[in-house]
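Values quoted throughout were computed directly from the atomic coordinates according to the rules given, and no laboratory measurement underlies them. Everything numeric in this text was worked out from a predicted model, so none of it was measured. As a convention, Cβ positions derive from the backbone with ideal geometry for all residues, glycine included, and neighbour counts pool all protein chains shown.
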Amino acid sequence: MKKIRKAVILAGGFGTRFLPITKAIPKEMLPIVDRPVIDYIVDECLLSGIEEIIIISNNKKISLKNYFQDNYTLKKHLENNDKEQDLDILNSLDHLKEIKIYEENINDLKGDGYALKRISKFMNNEAFALLYGDDLMAWDHTPVLKQLIDLYNEYETNIIGVQKVQDKDIHKYGIIEYEKESVIKNIIEKPNIEDAPSHDAGLGRYILRSNFFSELAKLQPNNKGQYQAVEAIASLIRKEKAIACCFDGTYYDTGSKIGYLKANVDFALKRDDLKDDLMNHLNNITKKSS
């Protein structure tokens, strides 16, 4: 069995839920404390044993591209001013230079399914990890993607990361319909609560076998001219086995304002240099509002 070596991170969209800031800054580059969202997702891939990462972006997300390139001028400035601690931070990102960025033309954005069609030639008929650039995960012990990979190594089939969501959030996600325990029958995209087959939502982490690209090739655009990858995933799992990975971790939709704010607070509270001051501030707010 071939190991999961490759990961694709989808980061090509406009981030309209976060306007107006995403007019100038890609949503994947919004900071969680002092690192962009996509840096955490790349880190999750590397900690999970991924060897090759492809980020699908668009040619207007210049800051994203710059983040994954070296900045010799800034490094020289830090060296000349004896800012060794800041230089160490930059040097710690050197491994990011090896990440491939596939850029779509801004006038040719036709959905995540269309973008994935364009990179199928780079995948060499291998199973791969698929992640979304605004779906951030936190964990205590094992990276979420590694949990999916471990399950793939056991079953050698498609794996979808899932967690239960509340009634009020059912309509936001692809909801899992089960054939039997853990075995997925279908994904129902953004159903009403009364039509939802379960409370388990697919949350931005997938391991997909190479047959996914055969389903992708058949994919037709929706009424808005967009090719949706989730439709190809649903078609795939109707034909071959897929297992739900009920992962241990916390999911943040950083493309939404509340998800982004929650992530910043939670990640800051895990940092020794910030947690005490932040907790005091939160406690003061609580006292004032009570």
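Table for the structure above
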quantity	calculated
Order of 123, 279 under a 10 Å beta carbon neighbour criterion, fewest first	279, 123
Two-decimal Rg/Rh across region 6-255, once Rg and the Kirkwood Rh are taken from alpha-carbon atoms	0.98
Exposure proxy order (Cβ contacts within 10 Å, fewest to most) of 254, 286	286, 254
Unit charges on C-beta of K, R, D, E only; dipole of the chain, Debye	960 debye
Cβ charges +1 (Lys, Arg) and -1 (Asp, Glu), total dipole of region 140-207, debye	200 debye
Degrees separating the helix 37-47 axis from the principal Cα axis of the chain, which is the longest one	70 degrees
Amide proton proximity set for residue 247, modelled H, under 5 Å, gap of 5+	162
Estimated inter-spin distance, residue 289 and residue 178, nm [label 7 Å along Cα→Cβ]	3.6 nm
Where labels lie 7 Å past Cα in the beta-carbon direction, separation of residue 220 and residue 120 in nm	1.7 nm
Choice from 167, 88, 34 showing the highest fluctuation, given a GNM over the chain with Cα pairs closer than 10 Å	88
Of 81, 71, 222, the one that fluctuates the most in a GNM where the chain has Cα springs shorter than 10 Å	81
Fraction of beta bridges assigned by DSSP in the chain that are antiparallel (%, nearest 5)	55 percent
Three-way shape call for region 177-238 based on the alpha-carbon gyration tensor, with the a/c threshold at 1.5	oblate
Estimated FRET transfer efficiency when R0 is 41 angstrom, pair residue 46-residue 192 (beta carbons, to 0.05)	0.60
Highest-MSF residue in the chain out of 249, 12, 204 [GNM, Cα springs under 10 Å]	249
Sorted by Cβ neighbour density within 10 Å, fewest at the top, the residues 246, 45	246, 45
Entries of 172/288; 65/239; 60/110; 2/27; 146/270; 121/185 with Cα pairs more than 26 Å apart	172/288; 65/239; 2/27; 121/185
Given charges at Cβ of Lys, Arg, Asp, Glu: region 6-255 dipole, positive-most of 36, 227, 175	227
In Hz, Karplus ³J(HN,Hα) per residue of region 139-151 (6.51, -1.76, 1.60; θ = phi - 60°; x = Gly, Pro)	8, 9, 10, 10, x, 4, 4, 4, 4, 5, 5, 4, 5
Dipole of region 100-158, positive direction: furthest Cα of 151, 115, 105, with charges on the beta-carbon	105
Helical mean residue ellipticity (222 nm; -39500 (n - 2.57) per DSSP H run of 4+; nearest 500) of the chain	-9500 deg cm²/dmol
Pairwise centroid distance, computed over Cα atoms, of region 208-240 with region 53-77, Å	31 Å
Additional length obtainable on full extension of the chain from residue 258 to residue 74, 0.36 nm per residue less Cα span	62.9 nm
